[in-house]
Structures are given as C-alpha cells and as structure tokens.
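Note sheet for the following structure.
Derivation of every value follows stated rules applied to the coordinates shown; laboratory data play no part. It should be emphasised that the depicted structure is a prediction, and the values quoted were computed from it without experimental measurement. Positions of Cβ are backbone-derived with ideal geometry, glycine not excepted, and every protein chain shown enters the neighbour counts.
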Amino acid sequence: MQIVWTQEALEKLAEMQEYISKDNLKRAITFTKFLIEQGETLIDHPEMGRVVPEIGNESIRELIVKKYRIIYRLSGKRVEILTVFEVHRLLRFEDIDNL
C-alpha cells in the first residue's frame with residue numbers, strides 16, 4: 001500500500017502548523033508530525049477509518065485524530081490523503097479535488 005498526500009492535504013497541514021505556531025512553534029511542529037504519522041498508519045490498515053457520513057462512499061473514509069478529520073480515498077493499492085480539518089466541520093465537496 002502506498003500513501004499519497006494531495007496538495008490540498010499538505011496545504012491544510014501547513015495552515016494548521018502556521019496557526020498553532022503563533023502560540024507555540026515546537027508544539028505546532030510536533031502536532032503536524034503526529035498527524036502525518038497517524039495518516040501513515042493507513043499503509044498497514046487502509047480500511048481502519050470509517051466511511052465519511054456526508055458522502056456514503058466506501059472508498060472515501062476518515063480517520064479521526066484528536067480534534068481533526070483526516071479524509072482519504074482508497075484507490076487500488078493507494079491511499080490518497082485528500083484533506084485534513086477540524087472535526088466540528090462538515091466535509092464540503094470544494095474541500096477536496098476530483099472526488
């Protein structure tokens with residue numbers, strides 16, 4: 001299994017890191033690395049996340065990590081991380097490319 005982080009997901013991680021770094025740079029870096037590590041666990045367990053309720057498509061799933069949703073797509077032998085955002089938000093189609 002291969003993990004691919006989309007440009008959208010990487011941009012969201014960078015935005016989160018920048019926001020958190022205003023208060024604590026070390027914590028921002030540590031937390032961003034933690035989210036990436038959690039996403040990488042999908043290599044061994046790609047179906048561990050639940051189906052995204054807003055979509056209802058078996059191939060679009062999410063991993064809840066602390067207060068964040070890591071949205072990903074199963075595509076053959078690839079796991080594409082589509083976006084990352086806070087759990088209180090609903091997924092909008094404009095949040096992800098090429099759904």
Quick one: P(r) of the chain from all Cα-Cα pairs, 10 Å bins, percents rounded to integers, in order of increasing distance. 16, 51, 27, 5, 0
State the extension gain, in nm to one decimal, for the chain segment bounded by residue 4 and residue 38, taking 0.36 nm per residue of separation less the distance between their alpha-carbons. 10.9 nm
In sequence order, what are the phi-derived ³J(HN,Hα) couplings for the range 32-41 according to the Karplus relation 6.51 cos²θ - 1.76 cosθ + 1.60 with θ = phi - 60°, rounded to whole Hz, with x for glycine and proline? 4, 4, 4, 4, 5, 4, 5, x, 5, 5
Give the long-range amide H neighbours of residue 5: residues separated by 5 or more places, or on another chain, with amide H under 5 Å away, using H modelled in the peptide plane at 1.01 Å from N. 81
Exposure proxy check on 62, 40: fewest-to-most Cβ neighbours within 10 Å is 40, 62
Residues with amide H under 5 Å from that of residue 69, placed H, sequence gap 5 or more: 85, 86, 87
When the chain is treated as a Gaussian network with springs between alpha carbons less than 10 Å apart, the largest mean-square fluctuation among 43, 71, 81 is found at 43
Let me know the number of lysine pairs in the range 2-88 closer than 22 Å at the Cα, not counting same-chain pairs under 8 apart. 12
